[in-house]
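My questions all concern the structure below.
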Amino acid sequence: MTELAPVDYMIVAFPGNEFKGEIAPALADLVEKGTIRIIDLAFVAKDADGNIGAFELTDIDPEVRKGFENMGVEVNGLFNEDDLQAAGEELDPNSSAALLVWENLWARDVAQAIRNAGGELLDFERLPHEVVQAARDAALANA
């Protein structure tokens, strides 16, 4: 049996509780191309009084939900109540967040090859966009 490819997660906040559907088509493109497979999806919100609530795909705007359902997103329950509560606590009042777990199918073969060769991942970190952009801008200015 082939092991999972590398798996990542992210939490994206939406001030004003305005989660719109622009993200779903971009994710759908990655799913259709076989780049990623979405493993789980959940949402949290914090109201003006600081109350936190979690909700499922079936609870969001039907148009937004349709975009996620069309790409085969299933809610697998990888996020537990503590995960959702912790994400909610980080939110500003009157905001919401999407929590997403995906498998990086594009990296499956190389990850399997590394494991087969006895390799061990020692470090991995995603560089923030702002850091990379600033470094790139500085390099171009000095070129």
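The values are calculated or read from the model by the stated rules, or taken from the named source; none is laboratory data. Quick caveat: nothing in here was measured; it's all calculated off a predicted structure. In this analysis, Cβ positions are derived from the backbone assuming ideal geometry, glycine residues included, and neighbour counts consider all displayed protein chains. Please note that ligands, DNA and RNA were not included when accessible areas were found on the heavy atoms of the full protein model with its side chains. Shrake-Rupley method; radii C 1.70, N 1.55, O 1.52, S 1.80 Å.
Taking interchain pairs and intrachain pairs at least six residues apart, which have beta carbon atoms under 8 angstrom, with the first residue in region 61-80 and farther than 16 Å from Ile23 by Cβ and the second of a type in the set (D, E, K, R) and open to solvent by less than 50 Å² (accessible area, probe 1.4 Å)?
Taking only residues 6 or more apart or on different chains, the pairs are Glu74/Asp40; Val75/Asp40; Asn76/Asp40; Gly77/Asp40; Leu78/Asp40; Phe79/Asp40.
Within region 102-143, can you find the residues that are in contact (Cβ under 8 Å) with a residue 24 or more places away in the chain, part of a helix (DSSP H, G or I) and open to solvent by less than 60 Å² (accessible area, probe 1.4 Å)?
Once the filter is applied, which keeps residues that are in contact (Cβ under 8 Å) with a residue 24 or more places away in the chain, part of a helix (DSSP H, G or I) and open to solvent by less than 60 Å² (accessible area, probe 1.4 Å), region 102-143 yields Leu105, Ala107, Ala111, Gln112.
Still on this model: May I ask you to verify whether Val73 is under 19 Å from Ala5 (Cα atoms) and either at pLDDT 90 or above or out of contact with any helix residue (DSSP H, G or I) (no Cβ under 7 Å at 6 or more places or on another chain) (or both)?
The answer is no for Val73.
Here is a list of conditions, (1) in a helix (DSSP H, G or I); (2) open to solvent by less than 40 Å² (accessible area, probe 1.4 Å), and Leu99 meets all of them except one; can you say which number that is?
Among (1) in a helix (DSSP H, G or I); (2) open to solvent by less than 40 Å² (accessible area, probe 1.4 Å), the lone unmet condition for Leu99 is (1).
Just to be sure, is Glu22 free of Cβ contacts under 8 Å to residues at least 12 places away in the same chain and over 18 Å from Val101 (Cβ atoms)?
Considered against the rule, which asks whether it is free of Cβ contacts under 8 Å to residues at least 12 places away in the same chain and over 18 Å from Val101 (Cβ atoms), Glu22 comes out as yes.
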